[in-house]
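The values are calculated or read from the model by the stated rules, or taken from the named source; none is laboratory data. It should be emphasised that the depicted structure is a prediction, and the values quoted were computed from it without experimental measurement. With ideal geometry, Cβ positions are generated from the backbone for all residues, glycine too; neighbour counts draw on all protein chains shown.
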Amino acid sequence: MSTEPFTTTGATATGGTVIGDDGLARPVWASSDPLLRDYYDTEWGLPVRDEQGLYERISLEAFQTGLSWATILRKRPAFRAAFAEFHPDTVAEFTDSDVERLMQDAGIVRNRLKIQAAITNARATVELRNDGGLVNFVWGFQPESTPEPTALHHIPTTSPESVALSKALRKRGFAFVGPTTMFALMEAIGMVDTHLMDSHRRGSSGVWPR
């Protein structure tokens, strides 16, 4: 996900983070909305190394384009129901009638190009099994170092690795995998650690030292 500006009242800000009522430091975007706070505390930035989970993250990051991550999170149960829990083999078999069905599903983001991209990417995911699989392919672009931000404006939105990953995935037939979207993916799955340095989650992935 891309970080978003949120306003927070009744909290103490230190070093780019906000101290919550539980005494833990989080970025502003994860400090007020309970859904975002739980996502930040329990999921965002933790390694995803299974094909289905990674395909889901790629799909949701694509659907987020132009929207807030909170919107996508709130619709996530509906997305999972609509896309067969993001099982690549099942989604890869979706037809034009499935696209029309999904376009009528008010629980998801009804964008035809994004829906078609999710199906295209499922087929590309299946195809990648012949060459090491999606997980190995994506994680092969892990950088040698990670940012060490002390404020949100220190966090980049792209990197040389996200640009390279975007180009490589497109060559493999993936869609809606631009460099910014791929950097957001890399953040979400722990390939880079962009938790603020004084956040309670910094270094929690086990991929990067605190």
**Study point:** Every residue from region 49-73 that is hydrophobic (A, V, I, L, M, F, W, C), more than 22 Å from Gly173 (Cβ to Cβ) and outside any loop (DSSP other than H, G, I, E, B)
**Key:** Trp69, Ala70, Ile72, Leu73
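Please tell me if Pro77 is at pLDDT 95 or above and either in a loop (DSSP other than H, G, I, E, B) or touching a Cys at 6+ places or on another chain (Cβ under 8 Å) (or both).
For Pro77, the condition - at pLDDT 95 or above and either in a loop (DSSP other than H, G, I, E, B) or touching a Cys at 6+ places or on another chain (Cβ under 8 Å) (or both) - is not met.
Please state which one of Gly53, Gly23 is surrounded by fewer than 22 Cβ atoms within 10 Å (Cβ to Cβ), without any contact (Cβ under 8 Å) to a residue 40 or more places away in the chain and closer than 30 Å to Asp89 by Cβ.
On the way: Gly23 fails: closer than 30 Å to Asp89 by Cβ.
Selected residue: Gly53, the only one of Gly53, Gly23 that is surrounded by fewer than 22 Cβ atoms within 10 Å (Cβ to Cβ), without any contact (Cβ under 8 Å) to a residue 40 or more places away in the chain and closer than 30 Å to Asp89 by Cβ.
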Check your understanding: Just wondering, is there one or more residues in region 127-142 that are surrounded by 18 or more Cβ atoms within 10 Å (Cβ to Cβ), part of a helix (DSSP H, G or I), more than 17 Å from the chain's Cα centre (by Cα) and at pLDDT 95 or above?
Key -> yes
Review point. Of Ala188, Ala124, which residue is of a type in the set (Gly, Ala, Ser), in contact with a helix residue (DSSP H, G or I) (Cβ under 6 Å, 6 or more places away or on another chain) and modelled with pLDDT of 95 or more?
Key: Ala188
Practice item. Scan region 182-210 for residues that are polar (S, T, N, Q) and crowded, with 22+ Cβ neighbours inside 10 Å and jot them down. Key: Thr194, Ser199
